[in-house]
Structures are given as C-alpha cells and as structure tokens.
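The values are calculated or read from the model by the stated rules, or taken from the named source; none is laboratory data. Worth saying up front: this structure is predicted, and the values here are computed from it rather than measured. Neighbour counts are summed over all protein chains in view; Cβ atoms, including those assigned to glycine, are modelled from backbone coordinates with ideal geometry. Heavy atoms of the whole protein, side chains included, go into the accessibility calculation; ligands, DNA and RNA do not. Shrake-Rupley method; radii C 1.70, N 1.55, O 1.52, S 1.80 Å.
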Amino acid sequence: TADVLHGAFGAVKINPQNPDMAYAGTGGKLLKTSDGGATWQTIFTETDFWAQEIYINGATPDIVLVASERGLLRSTDGGVSWTKLWNANTWGVKAKPGAPNTVWCIRDNGNGADFMISTDAGETFNPSAAPMWTPTGNRQVTGAIIAPCPSKSDKVYAFLSGEGDALG
C-alpha cells in the first residue's frame, strides 16, 4: 500500500483464516488491514514501540500477541483493545505446532533471557523450568528467535544473539 506513512517494518503477520486481514508493526505503531491492504488503520501507538514479531491464534484469530521492545501485548478482540502483559523487551512469539493455545516467547530478564510458556492462548505465562544461557562478563543477550519443529511439536529451538566477549 503506497499511502501508509511509516518508517521501517519490524513485523508483519497475515490472519491464518482470512488472507485479507493482516497486522504490521512499524516505528511507534501497530497497523491493521481488513481489506487486503487497500487501507490500513493504526490500532496501537506507543513511544519507542518496535514490534519484533506478531502471532495470530490459528483457532481464535481475534487473539493476537505482539512481541516488542516495550513488552508483550495481547488482544482478544482483533486489535480493538490491548493489554500489556509485561514491559520487558520480548523478542519472539510462536505457537506450538498443532496447539495454537500453547504459546512460547522469549523475554529479556535484565541478566539474560527467560523462555516463557503459556497454555491458555497467552492469557498467562510462566518461565520454563529449563534454564537458558545466562551471559557472564561483558556479554549480553540482545535478541532471540524461536523455531518450533513442525514434525515434532514438543521440540522447539531458541536461538539467542548477543554482544560482548566471544563465547569461546
């Protein structure tokens, strides 16, 4: 769409049940189209907001989660209203293959990262019992990617990126 004013886009997601509906995150705002991109409306704004990833529930597409530098957002009404679940930088959000109400995300905990798990479509999250790598020295986690295994739904890879000393 040529008439959408934006900077760069951080995330775009198409509704799995309706290809004319999509969400896009850009500098300071979240946009939505319901007409295949002919028009876009701003549905969320926040200073310094940057969407890292968008998840639309495959069974209940009114449930939308947005991982951002300003926290994790959740909507249960297709983006009309939003609840911020926490303020910590959240790098990724994905669902378990075949189980759209089991959602994984990775958030910054100030000292490393937490792998967070929800079994209620993102209403609540708990940290995984399995520890993630915690940086030492001048190392720090600066990003993460979640990669669920489509052929084995209980397997998920979480890749952390960072900066500082070499890992050795």
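Taking all Cα pairs closer than 8 Å and separated by 6 or more residues, the relative contact order of the chain comes to 12 percent.
Sites count as exposed loop sites when they are trypsin sites (Lys or Arg not before Pro), lie in a DSSP loop, and have at most 16 other Cβ atoms within 10 angstrom; the longest stretch of the chain without one is 1-138.
Distance between the C-alpha centres of the stretch 1-77 and the stretch 144-163: 22 Å, rounded to the whole angstrom.
So what is the accessible area of the stretch 34-168 per residue, in Å², with the probe set to 1.4 Å?
On the way: 6960 Å² over 135 residues.
With all protein chains present, the stretch 34-168 gives 52 Å² per residue.
Given 4 °C and 1.567 mPa s, compute D for the stretch 14-89 with the Stokes-Einstein relation, Rh being the Kirkwood radius over Cα pairs; round to the nearest whole µm²/s. The estimated diffusion coefficient comes to 106 µm²/s. For the chain, the mean projected area of the C-alpha convex hull, equal to one quarter of the hull surface, is 10.6 nm².
For the options V12, V103, V64, a Gaussian network treatment of the chain with springs between C-alpha atoms closer than 10 Å singles out V12 as fluctuating the most. When a 1.4 Å probe is rolled over the protein heavy atoms, the share of accessible surface on the stretch 38-106 that falls to carbon and sulfur comes to 45 percent.
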